[in-house]
Ligand code: SF4
Ligand code: SF4
Ligand code: SF4
Ligand code: SF4
């Protein structure tokens, strides 16, 4: 394990930047997002969650796939084989890091997705422990420990130091290139930081979130529950919850007609939308209630059913903060399970 | 004086038992003190609340509610009432099937502004009992997992509350205890627009490009807007060629906003919901308020729908062109 004085943190970023393209949470016009680090960029150390999650790096909102150029009677097909350079992302939280594993199950199971895979391989993920978890955080409900973030490198921060520990080969490789900036230290130095985080996490309001109903009740029974009728009422169908969610994974493949050519692209889709999984006869989920139900059934029932019991929520709390109507997965998980 | 949720609920219950309505659309308490959600109450009032966090405008829900048999009682704040009136004027709701109960408003609290003060782990928010001044400048005690913090209430009200010029209800069936409303206007309604008007055009262009490029096209701004009530929005229509998913270039986002702004021009009731709901904090109200300001200056209308009226003295397009020139 290594450490560096916290006051030197921008020197650390500058060093990393000289070795590899670096992204970190920074404020852009009032909203925190992962931004490319240039000298002068201010790191938003206190922001736990960026508005958009870190999934964007591997599964961007729009991904061009191919372009069809039409001239006269011939069509030229240009496949997008654009490569991503290697990059590092600093400040990924434990929940977002866990979300990559959930996305991997979708995008890397055979046949694996080449666009996703390529970006995933190029990335070095540097996580950051959460000293002050928010009231909206419930990662612990999914067995995530905010004091032990994983990734290629893990970091912890005390008042005076940033601690750095490589976990993987990719992490070691980056560490070796910048090792001279650090001081060596032993693992014992971060025990109290970790303990403080654990104590804080135990006090979070959703620490006792019980998901047994979702584990033990049959799919059909939950699907048919009358509770859906009331829990979806305030929903606008805006899809904000799905777009900010690190584990929402649905996409659409569309054509963009520019007049002279057609561009085939992949884009995020949302089960909350009227044209989601639209087929010749329309959207199989005709009402907002059905669309709303799909989101939570997917996260809490269908996904675990197909993936050895793993829920596809990491408790990041983004949907709790972003929903304009204050609906969210906690309310749904509890209300649908409630006895009354 | 404080607005008490129980007193409002008492009134609602009386109206329902008097047969004025069959169900109630209002707000429901959430997991925290601040996450109230719009909710339909049919047989009981479990969780009913009306407090400083009921910012969501309920009037648009009336499009669907008023298609049902019987009557829906809906709680309407002063700013919401303008949206309800517009929905009625545009024949988007069946007004007969709605009982609009106007409720007083002393401004609603924006959690994001509280968080901008570096507050984390909020577990409770209370109004400071001592030092309550009569001019509404009270303090909030923010209780968090990491200690308490005191923040002046005015500094964390929604922007839409700070630009709310009057607390008058329009078109409600009844207004309950309007004397409890408090003035929250900061006197700067058009300041933001003026600032942008005074920018050189390239600076203005890059301001909007940078703001609008953050847009994730979640459509929350459109879906919440009481004026965006088209049965099928052009951006949801695959055959239009501009369906919302075709954001393969971020210029598409910019176009979406410009088209939407034009469509609500002259109709926008300045309820501020679009800016409130935007997860990326894009100041959408500035687009709409520019029209509101222009319409006021050029045509003299502020509350009436300008596009429905024509007079011979109306400004000619050349006037508009010349005004634009100034800033080129
Ligand atoms: S749950 Fe909330 S964020 Fe999600 S679509 Fe509905 S209103 Fe939008
Ligand atoms: S469902 Fe909500 S809390 Fe769970 S991962 Fe998605 S955004 Fe985060
Ligand atoms: S455009 Fe915005 S401010 Fe105007 S009516 Fe719609 S939501 Fe309200
Ligand atoms: S609410 Fe904000 S992010 Fe969503 S579509 Fe509107 S401007 Fe874009």
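For the reader, a short list of remarks on this structure follows.
For every residue, the table says whether it meets (1) in contact with a helix residue (DSSP H, G or I) (Cβ under 8 Å, 6 or more places away or on another chain); (2) farther than 20 Å from residue A:62 by Cα.
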| residue | (1), (2) |
| --- | --- |
| A:118 | no, no |
| A:142 | yes, yes |
| A:152 | yes, yes |
| A:173 | no, yes |
| A:176 | no, yes |
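- Inclusion of residue B:249 among residues that are within 20 Å of residue A:276 (Cβ to Cβ), at pLDDT below 90 and facing another protein chain (nearest Cβ under 9 Å) is not warranted.
- Only one of the numbered conditions (1) at pLDDT 95 or above; (2) buried (at least 18 other Cβ atoms within 10 Å of the Cβ); (3) away from chain A (no Cβ under 14 Å) is violated by residue B:96, and that is (2).
- Flag if residue B:141 is in a strand (DSSP E or B) and surrounded by 15 or more Cβ atoms within 10 Å (Cβ to Cβ): no
- Summed over segment A:107-146, the residues that are more than 14 Å from ligand 2 (Cβ to nearest atom) and more than 14 Å from chain B (Cβ to nearest Cβ) give a count of 24.
- Residue in segment A:287-309 that is farther than 24 Å from residue A:218 by Cβ, within 16 Å of ligand 2 (Cβ to nearest atom) and in contact (Cβ under 8 Å) with a residue 12 or more places away in the chain present: no
- Test: residue in segment A:323-336 that is more than 18 Å from the chain's Cα centre (by Cα), within 24 Å of residue B:35 (Cα to Cα), within 16 Å of ligand 3 (Cβ to nearest atom) and surrounded by 15 or more Cβ atoms within 10 Å (Cβ to Cβ): yes
- Counted residues, segment A:52-66 - those being more than 10 Å from chain B (Cβ to nearest Cβ) and outside any helix (DSSP H, G or I): 6
- Considering segment A:249-259, and only residues there that are free of Cβ contacts under 8 Å to residues at least 40 places away in the same chain and more than 8 Å from chain B (Cβ to nearest Cβ), the residue that is farthest from residue B:221 (Cα to Cα) turns out to be A:259.
- Some residue of segment A:168-177 being in a loop (DSSP other than H, G, I, E, B), under 21 Å from the mean Cα position of the chain (by Cα) and free of Cβ contacts under 8 Å to residues at least 60 places away in the same chain: yes
- Restricted to segment A:310-322, and to residues there that are surrounded by fewer than 23 Cβ atoms within 10 Å (Cβ to Cβ) and more than 16 Å from ligand 4 (Cβ to nearest atom), the residue that is farthest from the other protein chains (Cβ to nearest Cβ) is A:310.
- Qualifying residue in segment A:162-176 (condition: surrounded by 17 or more Cβ atoms within 10 Å (Cβ to Cβ) and over 26 Å from residue A:121 (Cβ atoms)): yes
- Residue A:95 vs. criteria away from ligand 3 (no atom under 16 Å from the Cβ), in a loop (DSSP other than H, G, I, E, B) and surrounded by 18 or more Cβ atoms within 10 Å (Cβ to Cβ): no
- Being assigned to a strand (DSSP E or B) and either within 16 Å of ligand 3 (Cβ to nearest atom) or over 18 Å from residue A:123 (Cα atoms) (or both) is a property that residue A:9 lacks.
- Pairing residues of segment A:8-21 that are farther than 13 Å from residue A:161 by Cα with residues that are in a helix (DSSP H, G or I), at Cβ distances under 6 Å and at least 6 apart in sequence or on separate chains, gives A:15/A:178; A:15/A:181; A:19/A:177.
A quick yes/no check of all residues on (1) at pLDDT below 90; (2) closer than 19 Å to residue A:136 by Cα; (3) away from chain B (no Cβ under 12 Å):
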| residue | (1), (2), (3) |
| --- | --- |
| A:243 | no, yes, no |
| A:246 | no, yes, yes |
| A:261 | yes, no, no |
| A:275 | yes, no, no |
| A:296 | no, yes, yes |
| A:299 | no, yes, yes |
| A:329 | no, yes, no |
| A:333 | no, yes, no |
| A:336 | no, no, yes |
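- Of the helices (runs of 4 or more DSSP H) lying entirely inside segment B:1-107, those containing at least 2 residues that are more than 30 Å from residue B:186 (Cβ to Cβ) span B:5-17, B:62-65.
- Any hit, segment A:198-205, residues being touching a residue at least 24 places away in the same chain (Cβ under 8 Å), in contact with a strand residue (DSSP E or B) (Cβ under 9 Å, 6 or more places away or on another chain) and within 14 Å of another protein chain (Cβ to nearest Cβ): yes
- Within segment B:33-53, considering residues that are more than 10 Å from chain A (Cβ to nearest Cβ) and within 20 Å of the chain's Cα centre (by Cα), the one surrounded by the fewest Cβ atoms within 10 Å (Cβ to Cβ): B:51
The values are calculated or read from the model by the stated rules, or taken from the named source; none is laboratory data. As the structure is a computational prediction, the values presented were derived from the model and not from experiment. We place every Cβ from the backbone using ideal geometry, glycine too, and count neighbours over all the protein chains shown.
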